[in-house]
Every structure is written in structure tokens, then in C-alpha cells.
Amino acid sequence: MKQNLINIEDNTPKSGKLSIALYPNQMHKTGGKVTSYYARVVNRRKLNMEDIFNDLLSENGSIDTARMRKAWNTVINAIAMRISSGISVDFGLGVLSPAVSGSFASEQSEFNRSKHSITVQYRPSQDMKNTMSSLEPVITRGNSCRPEVIRVYDHGSRWDSTKLSENESLESGKLSRGKLLIIEGKKLCIAGDEGKVGLFFDSCTDPDKSIKLGAADLCRNQPTVLECLVPAELDETDTYRLRVVTQYLSKDKCREEHLSETFPTVFTIQ
């Protein structure tokens, strides 16, 4: 996870591109047809500080996460005390400031918690702005509800796309024949009556060579997780990519046409 995005000359992110989804703006229509779309960043997941500590630990095994956690808690408590005292704090990524929201009828108006609130305002630093402005967005159609693979975990090799060690990368992974494979994400449930739906192991050397698992072949088949045993037929001399094809839309509903998602990692077989 070695990414130094702040206070360095090269602010280009090392983790890939930022996914942005487009949704139809129902307020802008001409002749009943949507004429504009609004964008949202695709938030893949939310991490807590424990995840960040584990990221740092994966880079440097000598780091004492318990001491780090204790120090971090001390720091955020000190920041919270300053902010609650009416003081703005520059914490490196930007400035946190106490703020008030809501409107007042006159200069003599009193604070009313049903109409007003006290909150915290964040203003990003220039370095953070530079980092975000340098991101390369990938625009998708948010209203298509495409399947999305967020994490792949091979139980046999312990290869985990979200917890890569220093000598591992997202470009190459490992699959263990006969062992449990866990795929997490969104809209993954294998559903629909088309013969093309399923979980596919596509050969990287032969486009016509692919092994398909149907819904009945999966240990778990849910919108957020697919579980299966890695097929024994996979050739250890070949490499593969994972592809999810489904007509799943929502509970008890399927779309007319299938959609697919191919995970970018190239997997070797063991």
C-alpha cells in the first residue's frame, strides 16, 4: 500500500483510477427524456483507523500498533478539545473548524437546537486539493447498477486483494484448486435465465477457453458475496481472470439483459 500522496513532488495516486458514477437528473427533462446527469464518487468501502494501522503494519512489521492506537486516540482527543473550544485545527490534510448551521430571524434570536446545529467544517489543504485534482476519473453509468467486485480472497494461498503484502500486487494473484474462493462486492448475485450468467474463470491465453460456475455450483450466492471452490479443471500452466455475469437487479428482480464485471488481476493456479 505504499502511497505517499501528500507533500511529495509526484501527486499521482498509485492505487488506480477514481470511479465516478453518473445518475439521471430527473429535474432536467425535455419531452420526457432526461437531458443531464449528476455524478457521485463510487465509495467502495469505509475504513476505520484499525485498517490504517494494519496497512502501516504490512509495510513495516516492527510498528507497534498498540502504541500507535494509543497515540492516535490521544491526538484526536486533543484535537476535539480544541475544536469544541472554538479553535480551528490544521491537522495536515486540512483545517477542521467549529461551525454553526441554520438561519436566525434577528440579532436577538436565541440558539434553538430544533432549527440550528453546531458541527465541524473541513477545509482541505492545498496538498490535498492537488492530490484530488490529479486523480484520473473513470465515469460509469450509476443507474445501470452494474455488478462490482471489491475484494477477492483465496483461502488456500491466503491471497487477499485488499490486504496485499509488500511483495504482492493487484496485477497478479493466486488461486488454489479445490480451496474456498470468496468474492465480495455489489450486485454480484448470479441470477437470470440467460445461459450466459455465471461466475467465469477466463483463460488469459485462449479467449475461447473458460470455466463457468452456475448459481447451483456456488456455496454462497448473494448480492454482496459469492463463495465457491476453485475448479479443479483449471490448468496450472495457464493464467486466468475472474468474470461475473448476471441479470440480477434487486431482490426478486432481474434485468432483461445481462451485465458483467471482470476483475483485473491475472491469477496463477496452484
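The values are calculated or read from the model by the stated rules, or taken from the named source; none is laboratory data. Because the structure is a prediction, the values reported are computed rather than measured. Heads up, the Cβs are rebuilt from the backbone with ideal geometry, glycines too, and the neighbour counts pull from every protein chain shown. In case anyone asks, the SASA skips ligands and DNA or RNA and just uses the protein heavy atoms, side chains included. Shrake-Rupley method; radii C 1.70, N 1.55, O 1.52, S 1.80 Å.
Quick look at the values:
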read-out	value
Positions within region 222-240 being part of a loop (DSSP other than H, G, I, E, B) and closer than 23 Å to D252 by Cβ, in sequence order	Q222, P223, T224
Region 112-134, residues that are assigned to a loop (DSSP other than H, G, I, E, B) and surrounded by 16 or more Cβ atoms within 10 Å (Cβ to Cβ)	S125
Matching residues in region 162-178 - criterion: being over 21 Å from S260 (Cα atoms) and touching an Asp or Glu at 6+ places or on another chain (Cβ under 7 Å)	E166, K174, S176
Filtered residue count, region 205-221, keeping only those that are in a loop (DSSP other than H, G, I, E, B), surrounded by 13 or more Cβ atoms within 10 Å (Cβ to Cβ) and within 26 Å of the chain's Cα centre (by Cα)	1
Cβ pairs under 8 Å, 6+ apart, first in region 241-262 and closer than 30 Å to S172 by Cβ and among the small types (G, A, S), second outside any strand (DSSP E or B) and at pLDDT 85 or above	S260/P147
Residue list for region 183-204, restricted to those being assigned to a strand (DSSP E or B) and closer than 15 Å to E148 by Cβ	I183, E184, G185, K186, L199
When residues of region 48-91 are limited to those that are part of a loop (DSSP other than H, G, I, E, B) and at pLDDT below 85, the one least open to solvent (accessible area, probe 1.4 Å)	I63
Count - residues of region 151-184 that are modelled with pLDDT under 90 and within 25 Å of T246 (Cβ to Cβ)	2
Scan of region 171-193 for residues that are farther than 19 Å from E236 by Cβ, surrounded by 15 or more Cβ atoms within 10 Å (Cβ to Cβ) and not basic (K, R), ordered by number	I182, I183, E184, G185, L188, C189, I190, A191, G192
Test: residue in region 158-173 that is part of a loop (DSSP other than H, G, I, E, B) and more than 30 Å from I52 (Cβ to Cβ)	no
Checklist (1) among the hydroxyl-bearing types (S, T, Y); (2) farther than 30 Å from I269 by Cα; (3) modelled with pLDDT under 95 applied to S97, failing item	(3)
Exclusive hit being closer than 23 Å to L18 by Cβ, in contact with a Ser or Thr (Cβ under 9 Å, 6 or more places away or on another chain) and not hydrophobic (A, V, I, L, M, F, W, C), set S134, S101	S134
Hits in region 226-262 (condition: open to solvent by less than 10 Å² (accessible area, probe 1.4 Å) and of a type in the set (F, W, Y))	Y240
Region 222-270, residues that are of a type in the set (S, T, N, Q) and over 24 Å from D208 (Cα atoms)	Q222, T224, S250
Total residues in region 138-150, condition at pLDDT 85 or above and loosely packed, with under 15 Cβ neighbours inside 10 Å	0
Failed item, numbered, when G94 is tested on (1) at positive phi; (2) more than 25 Å from the chain's Cα centre (by Cα)	(2)
